[in-house]
Amino acid sequence: MIMKIRTLSSVVIVAGMLLGCASEKEAKLEGQAKISKPEAEKIALAQAPNGTIKEGELEKEKGRLIWSFDIAMPGTKDITEVQVDAQSGQVVSIEKETAKQEAKEK
């Protein structure tokens, strides 16, 4: 029993450390972005009217700093992924993903 508690405690500590690293990485990237997350969200939602942002993240993709948003649309389980350039605010891409494709990405 004590061994299980120690193992569980170790797993929780490592998970917390990994989450901390991820948020530090995103904070560092946010410092490089000229377009804030709320600004990028407005730009993305203009491409998917009536949608709701499920998830958003800042990432480097092909050397470019990109805000990527998964937007749920009413009446469908499909997701619209909108990518916004974090430097210029221009829409980089808009892709429709089925629920099955979305699950594969996770």
Charge tally in the Cβ shell below 13 Å around D85, where Lys, Arg are +1 and Asp, Glu are -1, D85 excluded: +1
Qualifying lysines (Cα of each under 17 Å from Cα of K77; at least 8 residues distant if same chain): K54, K96, K100, K104, K106
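Can you give the FRET efficiency to the nearest 0.05 for E95 and S36, using r as the Cβ-Cβ distance and R₀ = 22 Å? It would help to have the intermediate numbers written out before the result.
Working: r = 23 Å, r/R0 = 1.05.
Calculated transfer efficiency: 0.45.
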Tensor-based shape of region 33-106 (alpha-carbon gyration tensor, a/c under 1.5 rounded, otherwise prolate or oblate): oblate
Cα→Cβ-extended label distance, 7 Å offset, between Q87 and A27, nm: 2.5 nm
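Each value in this text was obtained by applying a stated rule to the coordinates, not by laboratory testing. Everything numeric in this text was worked out from a predicted model, so none of it was measured. Cβ coordinates were reconstructed from backbone atoms using ideal geometry, including for glycine residues, and neighbour counts include every protein chain displayed.
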